[in-house]
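J.: Sharing a structure with you now.
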Amino acid sequence: MRLLFVRHGDPDYVHDTLTEKGHREAAFLAERAEDLEMGTCFASPLGRAQATAGYCMKKLGRTAKTLGWL
């Protein structure tokens, strides 16, 4: 088993989202997503984590399970 932890892109903590830089980082990660051979994906319910995961999930045509404790 392999666990891959991905931190959200550059955050805007005040608005619980990503900065412009964070969106670029998440988009770059999504371009590499297939190479990472991701299995089951989980995400935090926080907006910045959902936004980051969203880029990869869209690229892979999948969804991430949201877990409140992440």
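Please treat every number below as a calculation from the coordinates, not as lab data. What you see is a predicted model, and the numbers here were worked out from it, not measured in a lab. Cβ sites come from the backbone with ideal geometry, for glycine too, and all protein chains shown count toward neighbours.
J.: Taking Leu60 as meeting all but one of (1) farther than 18 Å from Arg2 by Cβ; (2) aliphatic (A, V, I, L, M); (3) more than 9 Å from the chain's Cα centre (by Cα), write down the number of the exception.
T.: Checking Leu60 against (1) farther than 18 Å from Arg2 by Cβ; (2) aliphatic (A, V, I, L, M); (3) more than 9 Å from the chain's Cα centre (by Cα), the one that fails is (1).
J.: Select from the stretch 18-70 the residues that are among the polar types (S, T, N, Q) and either in contact (Cβ under 8 Å) with a residue 12 or more places away in the chain or exposed (fewer than 13 other Cβ atoms within 10 Å of the Cβ) (or both) and list them in ascending order.
T.: Of everything in the stretch 18-70, those that are among the polar types (S, T, N, Q) and either in contact (Cβ under 8 Å) with a residue 12 or more places away in the chain or exposed (fewer than 13 other Cβ atoms within 10 Å of the Cβ) (or both) turn out to be Thr40, Ser44, Gln50, Thr52, Thr63, Thr66.
J.: In the stretch 22-55, how many are part of a helix (DSSP H, G or I) and of a type outside the set (Lys, Arg)?
T.: Adding up the residues that qualify gives 21.
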